[in-house]
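Heads up, the thing below is written out as structure tokens.
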Amino acid sequence: MNPIKIIVPLWKLIRGNNLLIICLIFLLVRHTIVLPVLSFSASASELGNGLFLLLMLATVLVAAGGNIINDYFDMAIDAINKPGQKVLGMQVHKKTGILLYSIFTIAGIGLAGFVSYKINTYRPFIIFPASALILFLYSYSYKSVMLAGNILIAILSGITVALPVLFDNGA
């Protein structure tokens, strides 16, 4: 089987380009804000490069899961609005999508828990299961409630920018 026929639909399903932007934001926040401020205050970073990368991966996995579950609940409307363009249900089976959603979300929460355990700071960890729940609820119903869905996604976007700070001497 041609791996391109698997990778390209999966990349579209998880919105890989958006996930790369999350990685870029993480790197920019760490290297332009967190590390310079810690250096200026003569404090050591709680997150080594490995834990930082795991935190970034945890965030990307939860976001990827959120993208998948959003597509799952949008299947009927996408069949009308995006005929021939939808990935879930056409290029990726619905059951595979739900399995990937579950794996990505659980793995993301687990990685965030591991990072929290390693740096002995558990308060910011709650952001991950809360974000997963918010993404599910948004996809299931809040997206259609005027302003509620937009506000939830705006809050999650802001939290994403703050995560490197919260996990590195911020909590």
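The values are calculated or read from the model by the stated rules, or taken from the named source; none is laboratory data. The model shown is predicted, which means the values in this text are computed figures rather than measured ones. Cβ sites come from the backbone with ideal geometry, for glycine too, and all protein chains shown count toward neighbours. Calculation scope for accessible area: heavy atoms of the full protein, side chains included, ligands and nucleic acids excluded. Shrake-Rupley method; radii C 1.70, N 1.55, O 1.52, S 1.80 Å.
Pick out, from segment 1-73, the helices (runs of 4 or more DSSP H) lying fully within it that include 3 or more residues that are of a type in the set (Phe, Trp, Tyr).
Details: elements: 4-14, 16-29, 35-40, 49-73.
Per the criteria, 49-73.
Please state which of the following conditions residue 60 fails to meet, knowing it meets all the rest: (1) within 20 Å of residue 132 (Cβ to Cβ); (2) among the β-branched types (Val, Ile, Thr); (3) out of contact with any Cys (no Cβ under 8 Å at 6 or more places or on another chain); (4) open to solvent by less than 80 Å² (accessible area, probe 1.4 Å).
Going through (1) within 20 Å of residue 132 (Cβ to Cβ); (2) among the β-branched types (Val, Ile, Thr); (3) out of contact with any Cys (no Cβ under 8 Å at 6 or more places or on another chain); (4) open to solvent by less than 80 Å² (accessible area, probe 1.4 Å) one by one, residue 60 breaks only (3).
Go through segment 104-163 and report how many residues are of a type in the set (S, T, N, Q), open to solvent by less than 40 Å² (accessible area, probe 1.4 Å), under 16 Å from residue 52 (Cα atoms) and without any contact (Cβ under 8 Å) to a residue 60 or more places away in the chain.
Total meeting the criteria: 1.
Between 21, 25, which is closer than 30 Å to residue 94 by Cβ and surrounded by 11 or more Cβ atoms within 10 Å (Cβ to Cβ)?
Going through 21, 25 in turn, just one is closer than 30 Å to residue 94 by Cβ and surrounded by 11 or more Cβ atoms within 10 Å (Cβ to Cβ): 21.
Considering only residues that are in contact (Cβ under 8 Å) with a residue 40 or more places away in the chain and aliphatic (A, V, I, L, M), which ones fall in segment 16-42?
19, 22, 25, 29, 33, 34, 38
With the checklist (1) touching a helix residue (DSSP H, G or I) at 6+ places or on another chain (Cβ under 9 Å); (2) over 16 Å from residue 11 (Cβ atoms); (3) at pLDDT 85 or above; (4) of a type outside the set (D, E, K, R) in hand, flag the one item residue 75 doesn't pass.
Failing condition for residue 75: (3).
Take segment 78-103 and flag every residue that is part of a helix (DSSP H, G or I) and either surrounded by fewer than 19 Cβ atoms within 10 Å (Cβ to Cβ) or at pLDDT below 85 (or both).
78, 79, 80, 81, 94, 95, 96, 98, 99, 102, 103
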